[in-house]
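*Asks:* Dropping the structure in here first, questions after.
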Amino acid sequence: MFVSLKSLVVLSTLTASGLSATITGPLADINDKPGRVCRLTPLGLGKDDTDQVEAAIQRCGHGGTTIFEKGSFNITRKMQWDLKSSRVELKGLLSFEPKYEYWLKPENTYRVVFIQSQASWFVVTGSNFIIDAHKTGGIDGNGQPWWNHYTTTPRRDGDGRPISFTLWRAKNAIIKDFQILSPPFWANTVAESEDIVYDGMFVNATNTDERFFGQSVVWNTDGIDTYRSSGITMKNWDITCGDDCIAIKGNSSKIIARDFICRGGTGIAFGSLGQYAGLTDYVSDVLVENVKVLRLPSRQQPNMNHGIYFKAWDGAVTGTPPTGGGGGRGLIRNAVFRNFVFDRVQTGFQIVQNFGAPPGDIPVTSLVKFEKMKFENIRGTTNESTIVRFECSSVVGCSDIQFRNVKVTGPSNGTDKYICEHTKNLTGLPGE
């Protein structure tokens, strides 16, 4: 059975209080045609499945169907799939061996994600394809040994911890009912891609080592990072992690994130932005809606830092990427956040623009500007009295920010605070 995916572009207009953005995304036109079929079953405990997986994709990845039966496929080396006009039925789990000493060697991963020189052990590229994991398949990152290792070893951007699932230079694709278990680092990244639909994603980064109960040991396990991509739709996601549920990074446009549950971590993020001097980060036309940001039991994950936050580097250059940087320009505009519930987050809404700045009370000089953002129909609670903390750049500021029907409250024994520095045309908050 051969399944073809035609690039049918659906245009929808998102209108919110006068803000409109045109979003594109592919649909599958599935036709029955003769085609090559490859079917795989796991070789069994202790056996290496990498060769048979690569052979099947090589044979059926262009114009065919590859079927992975249920079970665990042991993957022992980096792997790239090139898919064109094809379908993958991934009913089983790709289980990446937890040998962090091996994976941390630069030659054992791909470095296709430019920002912060991030590593990937599994990259999918190509056009007009579907990967359907049927809610049983996906990736097992076997992250616990990684998390244990980094309780005594410092984490650094670009240190080689691998992204679990990277879409790179992909076009017109659907990822459906996928799961990523125990990612050692970011669960998903979509980079240099366009017209992608993720429909159904389950990510679970949960420490099970009782020695670390009550501690934050699953840092950097983002649900997804978008970078240099356009027309990305994400819907029906359930993310348990220790960092950003979503991170919208530079040069992301026409992004929809809808129907999300974010459990633990740091909430919905834009950034970081402006890390690279000489480069400009543009982010535009983003809709994030129908989202629950939920605090987990502290024994499982003590962090639930933000509801929605934005992070940018300072205007001064301090060091070099991937660990340092700053001085890059940016413009973030036309973003709508609506229909949210916050459950005991630390701060509801935050803009921080002093990444990389030296300590001390000095002016924020970031060259990244935030404008034309709307927050609508948001309710919930914070664990601190600061509901909004917008500490915008003294150089470019933040402008045209609207709050409407926002009912987020802090602890009952405190007074709710709203900090807005270097903002212009901000409406809808108490006292505004």
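The values are calculated or read from the model by the stated rules, or taken from the named source; none is laboratory data. This structure is a prediction, so every number in the text was calculated from the model and none was measured. Here the Cβ is made from the backbone with ideal geometry for all residues, glycine too, and neighbour counts use every protein chain on show. Side chains are part of the model used for accessible areas, which takes the heavy atoms of the whole protein and leaves out ligands, DNA and RNA. Shrake-Rupley method; radii C 1.70, N 1.55, O 1.52, S 1.80 Å.
*Asks:* Which of the lysines could a cross-linker bridge to Lys70, judged by Cα under 27 Å and excluding same-chain residues fewer than eight apart?
*Replies:* Answer for Lys70, where 27 Å is the Cα cut-off: Lys33, Lys47, Lys78, Lys84, Lys91, Lys99, Lys135, Lys176, Lys235, listed by chain and number.
*Asks:* Related question: Once R0 is set to 60 Å, what does the formula 1/(1 + (r/R0)^6) return for the Cβ-Cβ distance between Glu107 and Val395, expressed as a FRET efficiency to the nearest 0.05?
*Replies:* Approximately 0.90, to the nearest 0.05.
*Asks:* For the chain, with every protein chain kept in place, what is the accessible area per residue (1.4 Å probe, Å²)?
*Replies:* Solvent-accessible surface per residue comes out at 39 Å².
*Asks:* Only four residue types carry charge here, +1 at the Cβ of Lys and Arg and -1 at the Cβ of Asp and Glu. Report the dipole size of segment 312-402 about the Cα centre in Debye, rounded to the nearest 20.
*Replies:* 320 debye
*Asks:* Mind listing the phi-derived Karplus ³J(HN,Hα) values for segment 281-290, rounded to whole Hz, using 6.51, -1.76 and 1.60 with θ = phi - 60°, and x for any glycine or proline?
*Replies:* For segment 281-290, the Karplus curve yields 9, 9, 9, 8, 6, 10, 10, 10, 8, 6 Hz.
*Asks:* Under 11 Å from a point placed 7 Å out from the Cα of Lys292 along the Cα-to-Cβ direction: which residues of segment 302-346 have their backbone N that close?
*Replies:* Label zone hits: 341-343.
*Asks:* Moving on to the next point. Once you put a point 7 Å from the Cα of Thr41 and another 7 Å from the Cα of Lys99, both along the Cβ direction, what distance in nm separates them?
*Replies:* Result for the modelled spin labels: 2.7 nm.
*Asks:* Below 25 Å, Cα to Cα, which lysines can Lys417 reach? Residues fewer than 8 away in the same chain don't count.
*Replies:* Lys292, Lys311, Lys369, Lys372, Lys374, Lys407
*Asks:* Here's something else I'd like to know. Rounded to the nearest 10 degrees, what's the angle between the helix 50-60 long axis and the longest principal axis of the chain, both from Cα atoms, 0 to 90?
*Replies:* Value to nearest ten degrees: 80.
*Asks:* Given contacts defined as C-alpha pairs under 8 Å and at least six residues apart, what's the relative contact order of the chain, whole-number percent?
*Replies:* Reported as a whole number, the value is 9 percent.
*Asks:* Related question: With a 1.4 Å probe and all protein chains left in place, how much of the accessible area of the chain comes from carbon and sulfur atoms, in whole percent?
*Replies:* 48 percent
*Asks:* Between segment 107-127 and segment 280-327, what is the C-alpha centre distance in whole Å?
*Replies:* Each part reduced to its Cα centre gives a spacing of 21 Å.
*Asks:* For the chain, modelled as a Gaussian network with Cα springs under 10 Å, which listed residue fluctuates most, Leu104, Leu273, Leu93?
*Replies:* Leu104
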